[in-house]
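Report on the structure given below.
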There are 2 protein chains.
Amino acid sequence: MAETLNERSQNILEAIVEDYIASAEPVGSRAITRRHSFNLSPASIRNVMADLEDMGLLCSPHTSAGRIPTAKGFQYYIDSLLEIRDLSSRERETLQSSYRFQGMKMEDIMQEVGRVMSGLSQYTGLVMAPKFSSTVFRQIEFIRLSEGRVLVIYVSESGLVQNKIITADAGLTNQQLEQISNYLNKELNGLSIQEVRAKLSSELQEERVRFDQLKKQALSLSHAALQDEVENQIYVSGASLMLEQPEFSSPQQMKKLIQTLESKSLLIELLDRSQSAQGVQIFIGSESSQIDLDGCSLITSNFSNQKGAIGTLGVIGPVRMNYSKVIPIVDFTAQLVSRVLGREIE
Amino acid sequence: MAETLNERSQNILEAIVEDYIASAEPVGSRAITRRHSFNLSPASIRNVMADLEDMGLLCSPHTSAGRIPTAKGFQYYIDSLLEIRDLSSRERETLQSSYRFQGMKMEDIMQEVGRVMSGLSQYTGLVMAPKFSSTVFRQIEFIRLSEGRVLVIYVSESGLVQNKIITADAGLTNQQLEQISNYLNKELNGLSIQEVRAKLSSELQEERVRFDQLKKQALSLSHAALQDEVENQIYVSGASLMLEQPEFSSPQQMKKLIQTLESKSLLIELLDRSQSAQGVQIFIGSESSQIDLDGCSLITSNFSNQKGAIGTLGVIGPVRMNYSKVIPIVDFTAQLVSRVLGREIE
DNA sequence: GTTAGCACTCTGTCGAGGCGAGTGCTAATT
DNA sequence: AATTAGCACTCGCCTCGACAGAGTGCTAAC
């Protein structure tokens, strides 16, 4: 896909993209000569621009407006022209000090991360907490709420707490529940949830013929508790900041954007995709893509602790987003969160 | 405040409010004679309208538009003219069957309630979960995460689960933690959080001089765990539905609305106010009110279980909201949730 | 290969004019 | 005395045409 552009074309494309990022307006040939010193006349610029348009990197909203970069144009810019400088240690410190994680539980950390990323970037922050099934078993507790209704509390190695209400044999006593949880805590310690599920399923098969009543109950209870995938938790911060961007100034666009940000399932799908990859990922929204992220770009990165729980965080902004500013923020934040989560469990 | 209006004025005010609710447009004297059969000419209607305007119940956006009800006009309508019919048992059933609460934990129930109310009303659903401090102690568990870092899990009588990470004496063993939780579970059983806090504070004072090391640790640990008020959980559903309403069609209004719905603290303050009252509460937003709920009305009701945990739910919509439809929804939902939460704990 | 010049195209703004809806006032009617 | 018909007036909104501004593509000259 990376067609080779000669250096002049690259420079001009870069100038156009950057001017457009700054102004959100179509940029014309004269504007380029004014703002950059290429020692070229507007007419020459126009020739190059026509070429770039032929290649699908630029387009013009109408005959007599300037050009704006297409999604492909942005892609090229990001892949080939954008240089992301590393953060200076001072910047790292400032960034780090924006976050306050002391004494926070998982949910609060996720929330805080979204809030700060949104504040720093002035776009919308997105955080998806580690999936339940990517965690490692640490402890399970049962609390009898009423006849046949039991509250299950599950704690992962990383300190993630989940709870769920399940129905169970009405005759179960508190003591039995305690025995059951003791048994399970010993038995399942250190296994990943996938392993736990597999183990439970196979043992349930085996045990069906045996007579250890307690063990049987333990297995079926924990099986019920850990069975369904819990819906992914997702945190959206600073949605209203996006409404300040000129690309979302019309009511229709605002409505569409808010609907997108409100529909968690779409966001989950997006963040899920990036979870398979490593490092910072960039999605550029366009009409062509299956996912309807029209006019928006998404910059994400994963975080994880040593126990393998993986989450994703990122910033969603207009395609015309300040990539060179946001990418380091997302990158560094992901590293930071990984470190913080790692510390949680030692 | 209830100035007495003669019957004709009342009828006309009612007609205006209802026409305005239906159309969102200023209503003129001719429109009234067309849509209602008062056997009066537009000119007579105009006279009455002028009176109602003098009383501050109506206003006109400009000289040659129709009239729209003021906040005060809506207030009068709701207080004196609106008759809320009870739901038929069939309606109750349909409503009830919209909710699916089986096997749901508290958070999911709250979310579901907001979602369904929003869907039924086509406005925005708001739910504030019972405050931590309004719950009754049931059980506390400690899980050692790492040296000096302990995860506390607190369960209320109503099945509400909270967790928090606290720092503690690095030397604490798992066994000691277990002893501590056993002690606390026996000691604090059945007390409200307020009582627990009081008890812990006073005992901490006393114990300071004594030598029961374990008890001392138990007290200080639980004190740290239950000390701070956890931020109120609030659930907002269907914000984008509001954007369909003509009063929020302009970009400025959309932006303001989304900012309002995004700032949880404002919503919490609003819902908090209604928590002191009983039954269905209605706030009508106006510029005059301290709280900036411009153009919106809020219909709320509280729910609770027998153990006293109180939460608030409601619907936020344009002032020009279909009160006769939404009020029964909110009312019935609050009762329903109370019953469901009650059942949780038997 | 580059550029100056020019005709052309398209958008946004501004003011004039007409239309429609609605009002307030006055005088006539019941 | 209350009601109503009639009328002049006021606004907001829409359309239309004119116009300025920005930008392009093409051609011919450098």
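The values are calculated or read from the model by the stated rules, or taken from the named source; none is laboratory data. Keep in mind that this is a model prediction, so the values were computed, not measured. Positions of Cβ are generated from backbone atoms using ideal geometry, with glycine treated the same way; all protein chains shown enter the neighbour counts. These accessible areas exclude ligands, DNA and RNA; they are computed on the full protein's heavy atoms, side chains included. Shrake-Rupley method; radii C 1.70, N 1.55, O 1.52, S 1.80 Å.
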message: Just to confirm my filter: which helices (runs of 4 or more DSSP H) fall fully inside the range A:163-259 and include at least 1 residues that are in contact (Cβ under 8 Å) with a residue 40 or more places away in the chain and within 11 Å of chain B (Cβ to nearest Cβ)?
response: A:174-188, A:213-226, A:239-242
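If you scan the range B:241-252, which residues turn out to be under 22 Å from B:SER121 (Cβ atoms) and touching a Pro at 6+ places or on another chain (Cβ under 9 Å)?
First, the residues of the range B:241-252 that are under 22 Å from B:SER121 (Cβ atoms): B:241-249.
Correct list: B:MET242, B:LEU243, B:GLN245, B:PRO246, B:GLU247, B:PHE248, B:SER249.
Residue-wise test of (1) without any contact (Cβ under 8 Å) to a residue 40 or more places away in the chain; (2) assigned by TED's automatic domain parsing to the domain that holds A:GLU18; (3) of a type in the set (D, E, K, R); (4) in contact with a helix residue (DSSP H, G or I) (Cβ under 6 Å, 6 or more places away or on another chain).
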site: A:ARG273; (1), (2), (3), (4): yes, no, yes, no
site: A:SER276; (1), (2), (3), (4): yes, no, no, no
site: A:VAL280; (1), (2), (3), (4): no, no, no, yes
site: A:ASP292; (1), (2), (3), (4): yes, no, yes, no
site: A:ILE299; (1), (2), (3), (4): yes, no, no, yes
site: A:ALA309; (1), (2), (3), (4): no, no, no, yes
site: A:ILE316; (1), (2), (3), (4): no, no, no, no
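Collect the residues in the range A:118-142 that are farther than 26 Å from B:GLN162 by Cα and part of a helix (DSSP H, G or I), keeping them in residue-number order.
Within the range A:118-142, the first condition is being farther than 26 Å from B:GLN162 by Cα, and the residues that meet it are A:118-124.
A:SER118, A:GLY119, A:LEU120, A:SER121, listed by residue number.
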- request: Scan (1) closer than 20 Å to B:GLU107 by Cβ; (2) open to solvent by less than 30 Å² (accessible area, probe 1.4 Å); (3) away from chain A (no Cβ under 14 Å) for the single condition B:TYR323 breaks and write down its number.
  value: (1)
message: Taking the criterion of being surrounded by 15 or more Cβ atoms within 10 Å (Cβ to Cβ), out of contact with any Pro (no Cβ under 9 Å at 6 or more places or on another chain) and within 14 Å of chain A (Cβ to nearest Cβ), would at least one residue in the range B:277-284 satisfy it?
response: no
- request: Filter the range B:139-162 down to residues that are within 7 Å of another protein chain (Cβ to nearest Cβ) and touching a residue at least 24 places away in the same chain (Cβ under 8 Å) and give me whichever is surrounded by the most Cβ atoms within 10 Å (Cβ to Cβ).
  value: B:GLY159
- request: Would you please name the residue that is surrounded by the most Cβ atoms within 10 Å (Cβ to Cβ), looking only at residues in the range A:108-135 that are farther than 23 Å from A:ILE258 by Cα and within 14 Å of another protein chain (Cβ to nearest Cβ)?
  value: A:THR135
statement: Picking from B:TYR154, B:TYR123, the residue that is farther than 27 Å from A:SER146 by Cα and among the aromatic types (Phe, Trp, Tyr) would be B:TYR123
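Condition first: among the polar types (S, T, N, Q), more than 21 Å from A:GLN245 (Cβ to Cβ) and open to solvent by 40 Å² or more (accessible area, probe 1.4 Å). Now tell me which residues in the range A:1-32 satisfy that.
Here is the first cut: in the range A:1-32, the ones among the polar types (S, T, N, Q) are A:4, A:6, A:9-11, A:23, A:29.
Then keep just the ones that are more than 21 Å from A:GLN245 (Cβ to Cβ); that gives A:4, A:6, A:9-11, A:29.
Hits for the range A:1-32 are A:THR4, A:ASN6, A:GLN10, A:ASN11.
Do any helices (runs of 4 or more DSSP H) lying entirely in the range B:28-111 carry at least 2 residues that are within 28 Å of the chain's Cα centre (by Cα) and either without any contact (Cβ under 8 Å) to a residue 12 or more places away in the chain or more than 10 Å from DNA strand C (Cβ to nearest atom) (or both), and which ones are they? Outline the logic, then answer.
Numbers: elements: B:29-35, B:42-54, B:71-76, B:89-98.
Where helices (runs of 4 or more DSSP H) fall fully within the range B:28-111 and carry at least 2 residues being within 28 Å of the chain's Cα centre (by Cα) and either without any contact (Cβ under 8 Å) to a residue 12 or more places away in the chain or more than 10 Å from DNA strand C (Cβ to nearest atom) (or both), they are B:71-76, B:89-98.
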